[in-house]
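K.L.:
Before we start, here is the structure in question, set down as structure tokens.
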Amino acid sequence: MNLTQKPIAIAIDGPSGAGKSTLAKMLAKEFGLIYVDTGALYRAVGYAALQSGIDPSDTDAVIAMLPAVRVELAYVDGEQKVLLNGEDIGGYIRTPEVSAAASTVSAIPAVRDFLFALQQDIAKTQSVVMDGRDIGTVVLPWADVKIFLTASAEKRAQRRYKELIEKGQDVTYESVLADMVERDARDSQRETAPLKAAEDAVLVDTSELTLEESKDALAALVKERLAWA
């Protein structure tokens, strides 16, 4: 397929800890596409609220904060950088606290509207792999390939716990699992853009797959859907 003819969009949705970001990055690298981590955008807004001393559940305060918030994505040597008012905040937005804040602010319609245009503009001009909670259903309903990536809560918690421990964070598996279950409920039950699979998405459960096996399964699916040479 000639990528210069028309931008390609691959949408990967799924619950927290399903491996969306890691696998989306691997797919983007394999197929020479731009990776867009939309979850990082919501983490940036959640982080901005926390840094400003705002309770992420205080909808009015979060909305009032938005005019002073500038979230951007920059690509350096193929790596995505998340900028908040010009500052690279990639090293600060992967904590459980920011994860919870991101989930909370993402349920605010004004926040989703705030980031919606940025996400769509990127996909309209560049071939992308974009992951999040509502990419195939709301952000990129025209995506060429839609994948709903999932795994059991226990498996996802094990993976996230390992990741956080390797980063030196002081957490327990039990607390990570509890946060995971709570976030699943919050994301799937929210009124605005709830977590759900698009009608034409392909469900891929990675509970019993290694990372490499998961990547191979997604790559094969993309090739099949796009008739990749």
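K.L.:
Hey, does segment 122-141 have a residue that's part of a helix (DSSP H, G or I), closer than 23 Å to residue 30 by Cβ, among the polar types (S, T, N, Q) and touching a residue at least 40 places away in the same chain (Cβ under 8 Å)?
P.N.:
Yes: segment 122-141 contains one or more residues that are part of a helix (DSSP H, G or I), closer than 23 Å to residue 30 by Cβ, among the polar types (S, T, N, Q) and touching a residue at least 40 places away in the same chain (Cβ under 8 Å).
K.L.:
Here is a further query. Please verify whether segment 149-163 includes one or more residues that are part of a helix (DSSP H, G or I), under 24 Å from residue 48 (Cβ atoms), among the aliphatic types (A, V, I, L, M) and touching a helix residue (DSSP H, G or I) at 6+ places or on another chain (Cβ under 7 Å).
P.N.:
Looking for residues that are part of a helix (DSSP H, G or I), under 24 Å from residue 48 (Cβ atoms), among the aliphatic types (A, V, I, L, M) and touching a helix residue (DSSP H, G or I) at 6+ places or on another chain (Cβ under 7 Å), one finds none in segment 149-163, hence no.
K.L.:
Need at least 3 residues that are of a type in the set (Lys, Arg) per element, so show me which helices (runs of 4 or more DSSP H) inside segment 19-72 make the cut, counting only ones lying wholly within it.
P.N.:
Correct list: 20-31.
K.L.:
May I ask you to verify whether residue 146 is among the basic types (Lys, Arg), closer than 29 Å to residue 8 by Cα, at pLDDT 95 or above and assigned to a helix (DSSP H, G or I)?
P.N.:
For residue 146, the condition - among the basic types (Lys, Arg), closer than 29 Å to residue 8 by Cα, at pLDDT 95 or above and assigned to a helix (DSSP H, G or I) - is not met.
K.L.:
Another question about this same structure. Just one of 220, 201 is modelled with pLDDT of 90 or more and under 17 Å from the mean Cα position of the chain (by Cα); which is it?
P.N.:
Of 220, 201, the one residue that is modelled with pLDDT of 90 or more and under 17 Å from the mean Cα position of the chain (by Cα) is 201.
K.L.:
Select from segment 164-195 the residues that are of a type in the set (Asp, Glu) and outside any loop (DSSP other than H, G, I, E, B) and write down the one among them that is surrounded by the fewest Cβ atoms within 10 Å (Cβ to Cβ).
P.N.:
Checked segment 164-195; the qualifying residue surrounded by the fewest Cβ atoms within 10 Å (Cβ to Cβ) is 166.
K.L.:
For residue 62, are the conditions met, namely being more than 17 Å from residue 187 (Cα to Cα) and more than 14 Å from the chain's Cα centre (by Cα)?
P.N.:
Yes: the conditions hold for residue 62.
K.L.:
Residue under question is residue 177, and the condition is that it be under 26 Å from residue 122 (Cα atoms) and in contact (Cβ under 8 Å) with a residue 24 or more places away in the chain; does it hold?
P.N.:
no
K.L.:
Give segment 198-216 a look and list any residue that's under 22 Å from residue 140 (Cα atoms), of a type in the set (A, V, I, L, M, F, W, C) and either touching a Ser or Thr at 6+ places or on another chain (Cβ under 8 Å) or assigned to a helix (DSSP H, G or I) (or both), or say none.
P.N.:
198, 203, 204 - these are the residues of segment 198-216 that are under 22 Å from residue 140 (Cα atoms), of a type in the set (A, V, I, L, M, F, W, C) and either touching a Ser or Thr at 6+ places or on another chain (Cβ under 8 Å) or assigned to a helix (DSSP H, G or I) (or both).
K.L.:
Separate question: Could you tell me which residue of segment 92-116 is modelled with the highest pLDDT, considering only residues that are in a loop (DSSP other than H, G, I, E, B) and not aliphatic (A, V, I, L, M)?
P.N.:
It comes out as 92.
The values are calculated or read from the model by the stated rules, or taken from the named source; none is laboratory data. Being a predicted model, the structure only gives us computed values, none of them experimental. All Cβ positions, glycine included, derive from the backbone under ideal geometry; neighbour counts span all protein chains shown.
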